[in-house]
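What follows is a set of notes on a single structure, which appears directly below.
The values are calculated or read from the model by the stated rules, or taken from the named source; none is laboratory data. This structure is a prediction, so every number in the text was calculated from the model and none was measured. Cβ atoms come from the backbone with ideal geometry, glycine included; neighbour counts cover every protein chain shown.
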Amino acid sequence: MEVIEQVISKLQTLKDSLPDIAEKVIQDAAPQIEDQIIFQLRDGQKGDGSSLPNYSKRSVEQFGKPFGPIKLFDTGDFYQGVKASVKGTDLEIDDTDSKTPMLQEKYGSDILALQDQRLEELKQDVFLPGILYEVNRLLSA
């Protein structure tokens, strides 16, 4: 009977620890989340999957911008400012660049959102393995 009580105790500890484990794993994955948003922007995509508007003919001809969707890249400050963090049960994505409010007003707040497909890939490739590792570590302690 003592073995069953030990198992139940470990499972209760696991149950109580799951929110903290999930928060830790997602916070540890912040650099991958940030990278995925930057990849979207490099493709001229917003978090809802829609494309940013195309560069104007003037931007292409006079400033050497590539033909196609705007990539929100001039100096790299906007890309470098992308920051992901966990606040309680929420994943927050922000940007430290001073141009962020203007860019969000012009192109929408979803320029800093993660596309559903990319989020699913992160869940399968990063979050789930991280959670399983932490659960294993907890149960084998």
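For every residue, the table says whether it meets (1) over 30 Å from Ala22 (Cβ atoms); (2) in contact (Cβ under 8 Å) with a residue 12 or more places away in the chain.
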{"position": "Gly44", "(1), (2)": "yes, yes"}
{"position": "Asn54", "(1), (2)": "yes, yes"}
{"position": "Lys83", "(1), (2)": "no, yes"}
{"position": "Met102", "(1), (2)": "yes, no"}
{"position": "Arg118", "(1), (2)": "no, yes"}
- prompt: So how many residues does the stretch 77-112 have that are of a type in the set (Val, Ile, Thr) and assigned to a loop (DSSP other than H, G, I, E, B)?
  reply: 2
message: If the requirement is being of a type in the set (Asp, Glu), modelled with pLDDT of 95 or more, over 18 Å from Ser51 (Cβ atoms) and surrounded by fewer than 13 Cβ atoms within 10 Å (Cβ to Cβ), which of these qualifies: Asp125, Asp77, Asp90?
response: Asp125
Residue check for Gln32: polar (S, T, N, Q), under 30 Å from Lys15 (Cβ atoms) and within 18 Å of the chain's Cα centre (by Cα): yes
message: Which of the numbered conditions does Tyr79 fail, given that it passes all the others? Conditions: (1) on the phi < 0 side of the Ramachandran plot; (2) in contact with a strand residue (DSSP E or B) (Cβ under 8 Å, 6 or more places away or on another chain).
response: (2)
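Filter the stretch 57-71 down to the residues that are among the basic types (Lys, Arg) and either more than 17 Å from Gln40 (Cβ to Cβ) or part of a strand (DSSP E or B) (or both) and list them by number.
Within the stretch 57-71, the subset among the basic types (Lys, Arg) is 57-58, 65, 71.
Those that are among the basic types (Lys, Arg) and either more than 17 Å from Gln40 (Cβ to Cβ) or part of a strand (DSSP E or B) (or both): Lys57, Arg58, Lys65.
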message: Just to check your reading of the model, which residue among Asp48, Asp74 is assigned to a loop (DSSP other than H, G, I, E, B) and more than 29 Å from Gln124 (Cα to Cα)?
response: Asp74
